Amino acid sequence: MSRRNGAPTTPDAAKSLPPATDLSQDKQKRLLASDAGHFSLVRALHMADFITELNGFCGVMSVFSSLRYCVGDDPHDFSNLYLALGFIPLGLFFDFMDGKVARWRRKASLMGQELDSLADLISFGVAPAAAAFSLGLRTPLDHLLLAFFVLCGLTRLARFNVTVALLPKDASGKSKYFEGTPIPTSLALASVMAFWLWNGWVLEDVPLGVWAKGGVLECHPVVGLWVLHGCLMVSKTVRIPKP
């Protein structure tokens with residue numbers, strides 16, 4: 001979750017600052033507010049924004065790959081599952097690159113920040129949950145707990161957008177730490193699933209089996225990994241130093 005926020009540090013500081021002189025942001029605002037002009041939205045996007053879109057593309061393709069496995073005829077053909085898991089680290093690559101390009105070109109915007117959060121939610125929230133469903137976490141309680149994981153990611157990203165301007169900064173202006181684990185750390189869950197897939201531990205062979213089979217609380221205990229990760233993302237006390 002790269003930092004792409006050009007907002008002032010505090011509301012009081014914002015009042016004391018002179019009018020913005022970032023011509024790139026002014027141009028973007030004019031294009032977004034314009035009532036006329038074909039493709040004005042596309043023309044308003046910066047290079048970093050297009051890279052962020054590639055992050056979102058990877059997340060969507062990961063979800064589609066998971067769905068293709070579910071509707072496939074051969075449950076032992078794991079090619080689509082490998083694709084689903086492979087798109088997640090590819091999305092992380094674009095997530096890193098958009099921030100680097102924004103700083104290199106000195107073009108950061110609130111729209112870029114919002115795009116970044118939405119793309120992260122798809123690639124590192126919805127996509128890992130869809131892959132987990134495809135691998136075999138398919139009971140009703142599994143569904144609720146996977147949804148909890150996604151909602152924790154959603155809440156964590158919203159908190160980041162609201163509080164990033166208030167966090168302590170280093171000399172370069174970057175936040176010193178993350179509150180809660182960043183949502184891209186769900187790549188660890190993708191790695192675990194890739195290990196299961198490599199060993200054929202899917203569907204009926206998911207590690208640790210099923211608890212309360214046939215009951216209302218039937219679930220796979222490994223779904224607790226997603227619950228734990230969700231709790232770490234929204235934690236206020238867990239602080240991860242930024243590299």
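The values are calculated or read from the model by the stated rules, or taken from the named source; none is laboratory data. Computed from a predicted model, the values in this text were never measured in an experiment. Here the Cβ is made from the backbone with ideal geometry for all residues, glycine too, and neighbour counts use every protein chain on show. To get the accessible areas, we keep the full protein, side chains included, count just its heavy atoms, and leave off ligands, DNA and RNA. Shrake-Rupley method; radii C 1.70, N 1.55, O 1.52, S 1.80 Å.
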What percentages, rounded to whole numbers, describe P(r) for segment 52-168 computed over all alpha carbon pairs with 10 Å bin width beginning at zero?
14, 38, 31, 13, 4, 0
Per-residue HN-Hα couplings for segment 78-84, Karplus 6.51 cos²θ - 1.76 cosθ + 1.60 at θ = phi - 60°, whole Hz, x for Gly and Pro?
9, 4, 5, 5, 4, 5, 4
Suppose every K and R has +1 on its Cβ and every D and E has -1 on its Cβ; what is the size of the dipole of segment 90-221 about the Cα centre, in Debye to the nearest 20?
700 debye
Cα-based Rg then Dmax for segment 95-243, in Å, read 17.5, 58
What's the percent breakdown of Cα-Cα distances in segment 127-213 across 5 Å bins, shortest bin first?
3, 12, 19, 18, 15, 11, 8, 7, 5, 2, 0, 0
Residue 144-residue 198 FRET efficiency (beta carbon distance; Förster radius 22 Å; 0.05 resolution)
0.20
Spin-label point model (7 Å from Cα, Cβ direction): what's the residue 227 to residue 212 distance in nm?
0.9 nm
Per 0.36 nm of contour for each residue apart, how much would the distance between residue 114 and residue 100 grow if the chain were fully extended, relative to their Cα-Cα spacing?
3.4 nm
Any residue on another chain or 5+ positions along whose placed amide H is under 5 Å from the amide H of residue 178 is listed here as 240, 242
What residues of segment 112-140 lie in the reach of a label at residue 60, counting those whose backbone N is under 19 Å from a point 7 Å from the Cα along Cα→Cβ?
112-131
How do 219, 231 rank by accessible surface area computed with a 1.4 Å probe, from largest to smallest?
231, 219
Within segment 108-193, DSSP-loop chymotrypsin sites (Phe, Trp or Tyr not before Pro) with at most 16 other C-beta atoms within 10 Å are none
Can you give me the % of accessible surface on segment 120-243 that is carbon or sulfur? Probe 1.4 Å, all protein chains present, nothing else counted.
73 percent
Using modelled amide H (1.01 Å from N, peptide plane; none on Pro or chain starts), what sits under 5 Å from the amide H of residue 219, excluding residues fewer than 5 places away?
211
Model label zone, residue 68; criterion: amide N under 14 Å from point 7 Å along Cα-to-beta-carbon; scope segment 86-100
86-88
